[in-house]
Structures are given as C-alpha cells and as structure tokens.
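Written out below as structure tokens is the structure these notes cover.
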Amino acid sequence: MIRSILAAFVAFLLVAPCALAQPTIDGDLSDSQYESLATKLNANAGFGPDIDVNEILYYADFDNEVLYLGVKGKVNQFSSDGFGLYLNFDAPVGAAAGSLLGDVTGAEFNYLGAADSAFTADFEVDYAFWASPGATSSSLFFDAVTYVDSTRSDFLGEADQIGTATVGPADDTTNTGGPLFFSTITFAFDNSASGDTGLEFSIPFADLGIDAEDAGNIHAFAFVASSTAYFSDVTVPGDVTAGNLGFDPSFSANMTDSDCACPNPSSTIGSGPYNASAPLMQTGGPNFDLMADVGSMTVTQGGSFAVSFTVMNNTSNPATGDLFFTASRNGTTLIQQNVFNDQTVGANSSASAGYVQQVPASAPLGTYAYTVRIGNFPSGTVDSETFMITVTAPDRVAGGATEWSVTDAVWQDEATEATARTTEIGVYPNPFVDRTEIAYTLEQSAKVALTIYDVLGREVAVLTDEMMEAGAHTATFDARGLATGTYIYRLVAGDDVQSGRITLMR
C-alpha cells in the first residue's frame, strides 16, 4: 500500500465532500447543511431580553472551499451593544490562549480598539468578529480582526436587519481603507429572533488559511458585550455564574485573578471551557477509505500499467461514489478521467476494483504524479492514493495507446465477505464523560486491534491487541486526562475494519 491505513482513515474523516447545495446567506440558519458547534448552557440575559446569542453553527463546503458560519441570536436596536465571535483553526498561528485581544489599532468599535481593553480567551484565537446595530433599527455593522502574522482590523460592511446578503469587505475610509486579509466575505443578519435567525456569513478557505486536503479542526466562542468592551453573562459555550463579567474578563484564568477589573474579581466565571471544537468536515457525504496496491514504476510511451485497490465504507449506511484518476506533471494536471461512476459500497463493507491504465505514445517523457481518487467526480475527493510513474521512451518505435484511457476495469463488491466477521460496533454512552464502553461481536475468532486516535491521527489508547474468540466483547475507553473533543475508534478484526467517532465532554 502506498501509505498506511491509518493515514488514509484520518484523511477521510477530515475531508468528506458531497454535492450538497450551498446554504443561502440570508440570516436564516435552518439550512440542513449546518452542524451545531456549541449552544448556550443557561438562560442568562445580563443586558436584558433584547440581545442574546444561543448557538454557533458551521458548514465546510469542500467542493467550493468555502466555510459557512452562523450565530443564532438577536441585538437590541436601541443600543450599540453587540456580540462577538472568536475563531481558531489548526493551521494558522494566531494569538495564544491568554493573550490580550483588545487595543487593536484602527478597529471600528471600541470593543476591539479601546486602549484599556484587556480581555483574553482560553484558546488560541486566529480571528475575532464583532456585530452591532450601532443603536439603529435598520443596520448591522460587521467588523473583523486577524491575529495571524500580525494584528490587523477591517470593517467588513453594513447589512440590514432583515436578512439581505451583503458582500464585503467594504471600503471604509474612516477605518482601514479597504480589505486587508479577507478577499471576500458574504454576510447577512436577520433580527426577527425566530429561533433560527441571526448572523450568517461565508469566507473562502484560502482567506482563513484552511488547507482543504488537511482541514483540521474549528474552535469557536461567542459572547455578548458592549461597544466599550463591558462583557455580559451570555457566552456560548460556558456557564457563567458570576453575573455580568464587566471589563477585561480573563476567560483563560476562569476569572480567578484578583486583578481582574470585573464585578466579582475573586469569583470564578463558572463551568468551562469557553470554547467548542469539532473536525472541519463536510456533513452528509460518503466516508470512504481508499487503499491502492500500486507502487511507483516506470512505463514506456504507449505502454500500460495495472492499478488495483480496495474501497472501504466505514459507516453504518451504504455509500455511493465515483472512482477517478488524475495525472499531473510539474504541478499541472494533464488529465482527469472517471473510471467507475456511482458505485455503491454497502454499510461497513468493502469493494475491490482494478483496471489497466494506458499511457499514450505522445505522453511527454518525465515523472508524473498519478492519483487514484474516490468521491464525487470531478472535484470532490473523499480519499486518494498517489504514486509516481516515470514515462520513458520505448525500446523501438511501435504503436500504442493514443490517449489516457483505461481497459479491463472490474469492480467486485465484497460486502458479504467484509461483514461476515464483525457486527456493527456499539458505543455507549456517546457523547461521554471520562469513560465509555465499546461493544462488538465477532462471528469467528480473530486477531483484534481496537485503537483510539485523536482527529490528527495520533494514537491515544490501545484497548485491545490480541486474539479474541467468537462472541460478544466489550472494551472500556478511560479518557480521564484527555482533552474534550472528538476521538476516533478503529477496530481491526482479521481483514475487517470498522471505525467511528466518539465525543468526550466535561
């Protein structure tokens, strides 16, 4: 195999495209694509009933490489109070946890720019957003700060409060003079407080420093504050118990610092953490694990080589995908071609396939990156295998293939064989606190390896690694000491492989 099964497994979890329609940017967050990242944990209303945030939602569109974000909530039209959102992603390096996030030069609102603003977060912050009506009944002003590379602010634009989409960043000569770090952002705000409405916006992956091939995680935190950086008791997530937090809350210290200039400096805020995280993955799509049994090789112009591989569907539902290839040279894709269209792999099953790849006699000499892909042809790749081929001149002048075509393509469904060894795994509870049980049944005795990984593919626990008899078995995952978040279990029983996600909560 070109790369390890684990690497392929982690890749399919982090990037799982499907051809879903894009959400409509209109401030209505009921679009089916959205996943909930965090919800409000109490009924706090420190600035009154007319301003609130209730939930953070996200959707990663890997087909178009755009991130959609939403904050359900409302604002008081008769004040300049607003709500903020902190974001962090794995790849960019922003302000470390505990860094001062205020006093930003050129920021439109005092919340971001006040010289004495000294509030902090309990996680690394790459970007901060601020939405406020500015004491008007018809406008919402939208600002951003980046802490990546250097701290800079930008006024993103002005939207109405009835969900009309606005494209920014705006050219605001009183602020930064135009876009600095976002090439484009589309946003809308619906202040009808229907339960599914609020702020909605989209930003290209490239602007956020997200790599579509290794997207990693999203971390977020939302809150209510005044334009002068006086914080209320409304946060998502986190459970504030100390009343309105006042100026300069230190979420990173959980408000235990006696120097904190808040109403109750010796009291803790309450239950944390004050951020939520999840893998950046597209919802609703197939989850495939592609393993190609091909090594790098040399082939002559007009010649051919054989490709064989296994596609594994590690979910509890049948999944359909296209099998296609791309051939690239010097970073330029010369050809991409669909080999198998709309092939279905059964739940927790696998399929094997193979074909013969013809190399045209006119192919330029040199080294090519040949990539076999499973997903949605032509642009949606769930998992892939890449190997190198070197095209050389034939020993003698002869006929041969005239194009990058395939022959002798065969797809063999192995669902019966793949599911005969292990029944579907059950995890209870999930989500869990500290410990959970992973139960499975073997149809026959087999060597079993049950391993836990984090979303970056790092091994965190080995629960089983031995021969097991046929029958029912249970393993305990003790996660005390591990960080909250999503983990991945992987069960290998003989040739059968099953996997899934489990969520640790505190």
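The values are calculated or read from the model by the stated rules, or taken from the named source; none is laboratory data. Model, not experiment: these values are computed from the prediction. Neighbour counts run over all protein chains shown; Cβ positions are idealised from the backbone, glycine included.
Observations, loosely collected:
This table checks each residue for (1) of a type outside the set (A, V, I, L, M); (2) touching a Leu at 6+ places or on another chain (Cβ under 8 Å); (3) on the phi < 0 side of the Ramachandran plot; (4) at pLDDT 80 or above.
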position: 433; (1), (2), (3), (4): no, yes, yes, yes
position: 437; (1), (2), (3), (4): yes, no, yes, yes
position: 440; (1), (2), (3), (4): yes, yes, yes, yes
position: 444; (1), (2), (3), (4): yes, no, yes, yes
position: 449; (1), (2), (3), (4): no, yes, yes, yes
position: 458; (1), (2), (3), (4): yes, no, yes, no
position: 462; (1), (2), (3), (4): no, yes, yes, yes
position: 465; (1), (2), (3), (4): yes, yes, yes, yes
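- Options 41, 20, 6; residue that is at pLDDT below 90, surrounded by fewer than 22 Cβ atoms within 10 Å (Cβ to Cβ) and in contact with a Lys or Arg (Cβ under 8 Å, 6 or more places away or on another chain): 6
- Extreme residue, modelled with the highest pLDDT, among residues of the range 236-259 that are surrounded by fewer than 24 Cβ atoms within 10 Å (Cβ to Cβ), touching an Asp or Glu at 6+ places or on another chain (Cβ under 7 Å) and over 22 Å from residue 76 (Cα atoms): 250
- Here residue 331 does not qualify as surrounded by 16 or more Cβ atoms within 10 Å (Cβ to Cβ) and farther than 16 Å from residue 407 by Cα.
- One residue alone among 489, 440 is in the same structural domain as residue 426 (by TED's automatic domain parsing) and either under 25 Å from residue 218 (Cβ atoms) or small (Gly, Ala, Ser) (or both), and that residue is 489.
- Hits in the range 56-73 - residues which are more than 19 Å from residue 162 (Cα to Cα), of a type in the set (D, E, K, R) and out of contact with any helix residue (DSSP H, G or I) (no Cβ under 8 Å at 6 or more places or on another chain): 61, 63
- One residue stands out in the range 69-81 among those that are under 11 Å from residue 199 (Cα atoms) and either of a type outside the set (D, E, K, R) or not assigned by TED's automatic domain parsing to the domain that holds residue 224 (or both): the one that is surrounded by the most Cβ atoms within 10 Å (Cβ to Cβ), namely 70.
- Some residue of the range 212-235 being modelled with pLDDT of 85 or more, under 30 Å from residue 91 (Cβ atoms), within 28 Å of the chain's Cα centre (by Cα) and surrounded by fewer than 18 Cβ atoms within 10 Å (Cβ to Cβ): no
- Residue check, residue 86 outside any loop (DSSP other than H, G, I, E, B), at pLDDT below 90 and crowded, with 17+ Cβ neighbours inside 10 Å: no
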